[in-house]
Amino acid sequence: MNKIGFNVLAWSAGMSEELFPIIERLKEIGYDGVEFFVGSPEESAYKQVGDFTRGLGLETTTVTVVSPDMNPISDSATVRAKGLDRIKWAIDRSHDLNSRVLCGPFHSAHAHFAAHEPYEQEYGWAAEVLHAAGEHAAQADVVLALEALNRFECYLCNTMSQLSKLVTLADHSHVRAMFDTHHANVEEKKYGQALQTISPVLSHVHISENDRGTPGDGHIPWDDAFAGLAAINYKGWLTIEAFSRNDPGFANAINVWREYNDPWHIAEHGLTFIQQMCIKHNL
């Protein structure tokens, strides 16, 4: 069975020992790993949290974003260079956390739009930055798993077809892709077709309900998702990404204005749901 993880963004985007009780309970529930957001400037905390998590026998993955002043597709070479530096920093912090996968939409600035469709030049700029980031990631033994987002959060990569194109342009063994069931629910015609498209470079999967609450409680076509993953013989992480208003600053930044489910309801019922779906579809 694939390893199953849980993203602690359901509680906090911070990085401190305040996460310890959450990590311990996720271990008790039965998770194989924990996913952390890389963003907090407190560098020493990353190794502390990473060592604590490893001491419990849990593995880690990480996720990050970049801001407009560090945009890899900016027409300013200076801004693109800042973007590369930020991704390298996130790789280093992921290494401190013992993560082997750094995922997210860091090919471009999150929720930052231009008044046009994605240009070929922008794909080229992103690919150049990501290839250089891949060189740094290879030294840290971290795979970069790029994420396509829905049209309301990103314009460069909304679909697996666009994401596959970007990964091909980046042309680096440590620059790969991820699939998120929430975003795919908005942008893809069919899950199976989308997964076939991205399968050659797929390295990570986020299990996320349509409302970002408990997987299985909404209208995501879960049978299509798990059957599609089984069809491509996917062997990577299945990590729940769900959100709440427990961290108001982070919630406000990603337009989370209400509670979907209690985070522990999501964690407990979500794990059981994924296990059941894996058995059902021989994943």
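Among the residues of segment 101-133, those identified as in contact with a strand residue (DSSP E or B) (Cβ under 9 Å, 6 or more places away or on another chain) and either assigned to a strand (DSSP E or B) or surrounded by fewer than 22 Cβ atoms within 10 Å (Cβ to Cβ) (or both) are VAL101, LEU102, CYS103, GLY104, HIS110, HIS131. Within segment 3-34, the set of residues being surrounded by fewer than 19 Cβ atoms within 10 Å (Cβ to Cβ) and of a type in the set (S, T, N, Q) comprises just one member, SER16. Summed over segment 1-32, the residues that are among the small types (Gly, Ala, Ser), touching a residue at least 40 places away in the same chain (Cβ under 8 Å) and part of a loop (DSSP other than H, G, I, E, B) give a count of 4. In the condition set (1) surrounded by fewer than 24 Cβ atoms within 10 Å (Cβ to Cβ); (2) of a type outside the set (Gly, Ala, Ser); (3) in contact (Cβ under 8 Å) with a residue 12 or more places away in the chain, PRO72 is compliant with all but (1). Residues that are under 16 Å from the mean Cα position of the chain (by Cα) and of a type in the set (Phe, Trp, Tyr) within segment 240-260 comprise PHE243, PHE250, listed in sequence order. Here SER203 qualifies as hydroxyl-bearing (Ser, Thr, Tyr) and in a strand (DSSP E or B). Among the conditions (1) of a type in the set (Gly, Ala, Ser); (2) touching a helix residue (DSSP H, G or I) at 6+ places or on another chain (Cβ under 8 Å); (3) under 24 Å from SER173 (Cβ atoms), GLY57 misses just one, which is (3). Quick one: would you say ALA45 is among the hydrophobic types (A, V, I, L, M, F, W, C), buried (at least 16 other Cβ atoms within 10 Å of the Cβ) and within 25 Å of SER208 (Cα to Cα)? Answer is no for this residue.
Within the span defined as segment 237-248, every residue fails to be in a helix (DSSP H, G or I) and in contact with a helix residue (DSSP H, G or I) (Cβ under 7 Å, 6 or more places away or on another chain). Those residues that are charged (D, E, K, R), in a loop (DSSP other than H, G, I, E, B) and more than 19 Å from the chain's Cα centre (by Cα), I need them from segment 206-236; list them, please. Correct list: ASP217 only. Per the conditions (1) crowded, with 22+ Cβ neighbours inside 10 Å; (2) without any contact (Cβ under 8 Å) to a residue 60 or more places away in the chain; (3) touching a helix residue (DSSP H, G or I) at 6+ places or on another chain (Cβ under 7 Å); (4) among the aliphatic types (A, V, I, L, M), the sole criterion not satisfied by LEU97 is (2).
Among the residues of segment 170-200, the ones that are in a helix (DSSP H, G or I), closer than 25 Å to TRP125 by Cβ and among the hydroxyl-bearing types (Ser, Thr, Tyr) come to 1 in all. Looking only at segment 147-167, count every residue that is part of a helix (DSSP H, G or I), aliphatic (A, V, I, L, M) and either farther than 13 Å from ALA184 by Cβ or over 16 Å from the mean Cα position of the chain (by Cα) (or both) and tell me the total. Total satisfying the criteria: 2. Looking at ASN255, ASN246, just one residue is surrounded by fewer than 19 Cβ atoms within 10 Å (Cβ to Cβ) and in contact (Cβ under 8 Å) with a residue 40 or more places away in the chain, and that residue is ASN246.
Each reported figure results from applying straightforward, stated rules to the coordinates on display, with no laboratory input. What you are looking at is a predicted structure, and each value in this text was computed from that prediction instead of being measured. Backbone-built Cβ (ideal geometry, glycine too); neighbour counts: all protein chains shown.
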